[in-house]
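Asks: Input: one structure, supplied below.
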Amino acid sequence: MIRLDKTMISQEMIDAAADALANEPLLFGESVSLFEEEFARFCGTDYAVSVNSGTDALIFTLMAAGVEKKHVLTTPSSYIATANSAVHAKAKPVFCDIDKKTNNISPKEIAKAVKKDRKIAAIIPVHLHGYPAAMDEINGIAEKRGLFVLEDACQAHGALYSGKRTGSLGNTGAFSFNPVKNMTIGGDGGMVTTNDEKIAKKVRMLADSGRENPYTHEHEIVGFTSRISSVSAAIGRVQLRHLDSWNAHRGEAAKKYTAALAGIEGLILPEGELEDVRPVFNKYAIKSEKRDGIRSALYAAGIESDSHYPIPIHLQPPYRKMGHKKGEFPNAERFADTTLSLPMAADMTEEEIGTVCRTVREFLKG
């Protein structure tokens with residue numbers, strides 16, 4: 001079986017976890033603060049605050065930004081948690097369509113949306129599948145309107161845009177460390193990155209039941225319990241040291257996929273590296289009218305694949321109840337109907353890539 005994705009586990013990670021388990025408190029250990037410092041330095045921000053999940057990273061950031069009773073603009077082509085975060089922060093998520101080429105939120109559609117909807121207070125661009133969104137244009141629009149920009153970088157650890165890391169391109173960045181991401185911390189977790197000290201302080205308080213100091217019994221605000229363990233942080237520190245090399249391997253795997261699948265009629269391949277954009281290929285997602293047939297052929301050959309995401313957020317049941325309907329965002333809906341993620345991991349072999357590509361080609365040419 002060729003798996004869709006694989007979690008990287010090494011003896012170095014196991015040793016780091018065992019050391020933290022034996023020598024640190026389970027919560028608030030030295031590994032947690034060191035992981036936060038190292039992650040902030042990696043992204044190029046002043047602060048990084050660890051939380052329980054990428055979802056919490058999004059929610060707490062929006063709460064800290066004060067979007068309650070306002071509108072948050074984002075893409076319908078993402079995991080549902082992106083829009084859910086606005087709901088949990090007591091704001092209203094609103095959507096605009098994606099760019100057909102990059103599959104990320106369209107700056108042109110953002111400009112239309114913010115002109116039409118004066119209640120929009122924040123934008124969440126998603127770096128879908130590890131490909132950075134058009135942040136120069138997005139930030140330009142946001143600056144004119146005084147809008148808060150929260151990068152959903154949950155699939156884009158280490159990606160580069162104009163020489164800067166994702167997580168440092170907006171007011172804040174949100175990352176996920178669950179087992180299908182480019183780096184994980186032995187289960188689940190998340191991180192908020194920012195240069196804004198007030199945002200960082202508020203997120204930290206929200207993550208620790210409203211306390212400013214974990215060793216006090218005074219809770220200044222109503223918060224949540226959303227912390228990572230010292231063991232997880234120790235694993236994360238090891239993985240962070242290897243992340244660039246893992247991402248480079250993913251990039252090489254993507255190039256091999258593209259070379260092997262190029263020229264097949266009706267098959268659209270993802271954007272690769274550009275002069276100012278270096279994606280990290282959390283997913284290698286093709287598009288085809290015969291998506292479901294390709295997936296069946298891959299399954300029959302012992303190869304996992306999946307669609308990310310087959311139902312755009314605005315057509316999910318909770319958002320249909322908010323009044324959304326089919327036809328609102330045609331590019332996103334088209335993407336949902338045709339996209340298929342092929343196996344991608346930091347240790348993909350040429351043999352595995354060859355087997356996947358051969359199966360796809362044989363089906364489409366059969």
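The values are calculated or read from the model by the stated rules, or taken from the named source; none is laboratory data. As the structure is a computational prediction, the values presented were derived from the model and not from experiment. Note that each Cβ is placed from the backbone with ideal geometry, even for glycine, and that neighbours are counted across all protein chains shown.
Asks: Are any of the residues in the stretch 28-40 closer than 15 Å to Asp152 by Cα and under 23 Å from the mean Cα position of the chain (by Cα)?
Replies: No, the stretch 28-40 contains no residue that is closer than 15 Å to Asp152 by Cα and under 23 Å from the mean Cα position of the chain (by Cα).
Asks: In this structure, is Glu362 surrounded by 15 or more Cβ atoms within 10 Å (Cβ to Cβ), assigned to a helix (DSSP H, G or I) and either of a type in the set (Asp, Glu) or not assigned by TED's automatic domain parsing to the domain that holds Lys256 (or both)?
Replies: no
Asks: Whether any residue in the stretch 293-306 is closer than 25 Å to Thr74 by Cα, under 23 Å from the mean Cα position of the chain (by Cα) and not in a helix (DSSP H, G or I) is what I want to check.
Replies: Checked the stretch 293-306: at least one residue is closer than 25 Å to Thr74 by Cα, under 23 Å from the mean Cα position of the chain (by Cα) and not in a helix (DSSP H, G or I).
Asks: If Glu220 meets every condition in (1) in a loop (DSSP other than H, G, I, E, B); (2) in contact with a strand residue (DSSP E or B) (Cβ under 8 Å, 6 or more places away or on another chain) apart from one, which number is that one?
Replies: (2)
Asks: Return the only residue of Ile2, Ile9, Ile14 being in contact with a Ser or Thr (Cβ under 7 Å, 6 or more places away or on another chain) and within 30 Å of Asp306 (Cβ to Cβ).
Replies: Being in contact with a Ser or Thr (Cβ under 7 Å, 6 or more places away or on another chain) and within 30 Å of Asp306 (Cβ to Cβ) holds for just one of Ile2, Ile9, Ile14, which is Ile2.
Asks: Within the stretch 44-55, identify whether any single residue is aromatic (Phe, Trp, Tyr) and either under 18 Å from the mean Cα position of the chain (by Cα) or assigned to a loop (DSSP other than H, G, I, E, B) (or both), and answer yes or no.
Replies: No.
Asks: Considering each residue of the stretch 313-327, count those that are under 18 Å from His71 (Cα atoms) and either in contact with an Asp or Glu (Cβ under 7 Å, 6 or more places away or on another chain) or part of a loop (DSSP other than H, G, I, E, B) (or both), and give that number.
Replies: Summing the residues that are under 18 Å from His71 (Cα atoms) and either in contact with an Asp or Glu (Cβ under 7 Å, 6 or more places away or on another chain) or part of a loop (DSSP other than H, G, I, E, B) (or both) in the stretch 313-327 gives 5.
Asks: Next question. Suppose the filter is touching a strand residue (DSSP E or B) at 6+ places or on another chain (Cβ under 6 Å), free of Cβ contacts under 8 Å to residues at least 40 places away in the same chain, part of a strand (DSSP E or B) and within 30 Å of Ala346 (Cβ to Cβ); does Val149 pass it?
Replies: Yes.
Asks: I'm told Ala81 meets every condition in (1) buried (at least 18 other Cβ atoms within 10 Å of the Cβ); (2) in contact with an Asp or Glu (Cβ under 8 Å, 6 or more places away or on another chain) except one. Can you identify the failing condition by its number?
Replies: Of (1) buried (at least 18 other Cβ atoms within 10 Å of the Cβ); (2) in contact with an Asp or Glu (Cβ under 8 Å, 6 or more places away or on another chain), only one is false for Ala81: (2).
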